[in-house]
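What follows is a short report on a single structure.
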Amino acid sequence: MNIMGDVTMVRKERYLYFYLLLFLLMTLGAFVWQMFFPNVSEIFSVWRMSRGWQTEIALWNLGIDTGIIITLIRHNIEYAKILTLISVVLCILLGGHHLFYALTTTNGNITLHWIGTIEVFFIGGGAGIFALIKSLPRRGEIAVKRKVVTICGSVRFWNKIQEMSERLELENEYAVIGIIPHVMDRELTENEKDTLGELHRIKIDLSDAIFVVNVDGYIGESVKKEIGYAKQKGKEIIYLESTGVLGGGNSIAEII
């Protein structure tokens, strides 16, 4: 595994998450003063107070905040990129609007317009552009680093294995190394068992983690060996169910 590549991607993601946290604080502040102190705009700017429109703006900010909070909780890098891009565009447009009034107004209080120019246009827009640039992949670098996981489980749970493979990849940004269903109508020879065991160990070597499909807590002997091998190699172990867990792992409920 490319450890330095993982560290680089984590650093890149942090720029986006830090910016979204900054933008969250800015929009929460805008929500408070637009909703509860709408007269501020009339005192410190050339714009008149309009409780109806300002309430609508406050609620719009609250909607953006909801999206940011969900993104930060789920730690979803793709959502973060989209929200950062949208936020940067808004900051440039809204901050530029303040800058226009700050520069062209000759009679009236323009304190709020200069605050909006500095906070929204320069800080919000500038920091967002910086975060987007820092998140761009370098030449030859993988843009999104997914955690690779090997599915382990009895073939009697084949339907559940297929279901969890899909969920892990589509909902949780894992890259799944699947298993081929074994022959069901006859017993495997010892040579076949040894071959499959070796293949599973190779798959585990290539993975960051293993995912154990232990329906009703059942873990067969071959899967127990795979878990032991994964522990020996220092791999993360994730279980479908908390019942029957052999220790040293997490239930899928903790990541989904």
Practice task
Output the residues belonging to region 22-31 that are of a type in the set (A, V, I, L, M) and within 11 Å of Asp65 (Cβ to Cβ).
Solution key: Leu24, Leu25, Met26, Leu28, Ala30
Practice task
Filter region 117-146 for residues that are modelled with pLDDT under 95 and either in a loop (DSSP other than H, G, I, E, B) or over 15 Å from Tyr19 (Cβ atoms) (or both) and give the result.
Solution key: Leu136, Pro137, Arg138, Arg139, Gly140, Glu141, Ile142, Ala143, Val144, Lys145, Arg146
Fill in the blank from the handout: Being aliphatic (A, V, I, L, M), modelled with pLDDT of 90 or more, surrounded by 17 or more Cβ atoms within 10 Å (Cβ to Cβ) and within 17 Å of Phe121 (Cα to Cα) narrows Leu24, Leu16 down to just Leu24
Practice task
Consider only pairs whose beta carbons are under 7 Å apart and that are at least six residues apart or on different chains; among these, list those whose first residue lies in region 29-52 and is over 14 Å from Ile110 (Cβ atoms) and whose second residue is of a type in the set (A, V, I, L, M) and part of a helix (DSSP H, G or I).
Solution key: Phe31/Ala58; Phe31/Leu62; Trp33/Val40; Gln34/Ile57; Gln34/Ala58; Met35/Ala58
Practice task
Considering only region 60-89, state which residues are hydrophobic (A, V, I, L, M, F, W, C) and in contact (Cβ under 8 Å) with a residue 24 or more places away in the chain.
Solution key: Leu62, Ile64, Ile68, Ile69, Leu72, Ile77, Ala80, Leu83, Leu85, Val88
Exercise for the section: Considering every residue within region 33-56, establish whether at least one is of a type in the set (Asp, Glu), modelled with pLDDT of 90 or more and in the same structural domain as Val120 (by TED's automatic domain parsing). Expected result: yes
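The values are calculated or read from the model by the stated rules, or taken from the named source; none is laboratory data. In this text, all values refer to a predicted model and were calculated from it rather than measured experimentally. Heads up, the Cβs are rebuilt from the backbone with ideal geometry, glycines too, and the neighbour counts pull from every protein chain shown.
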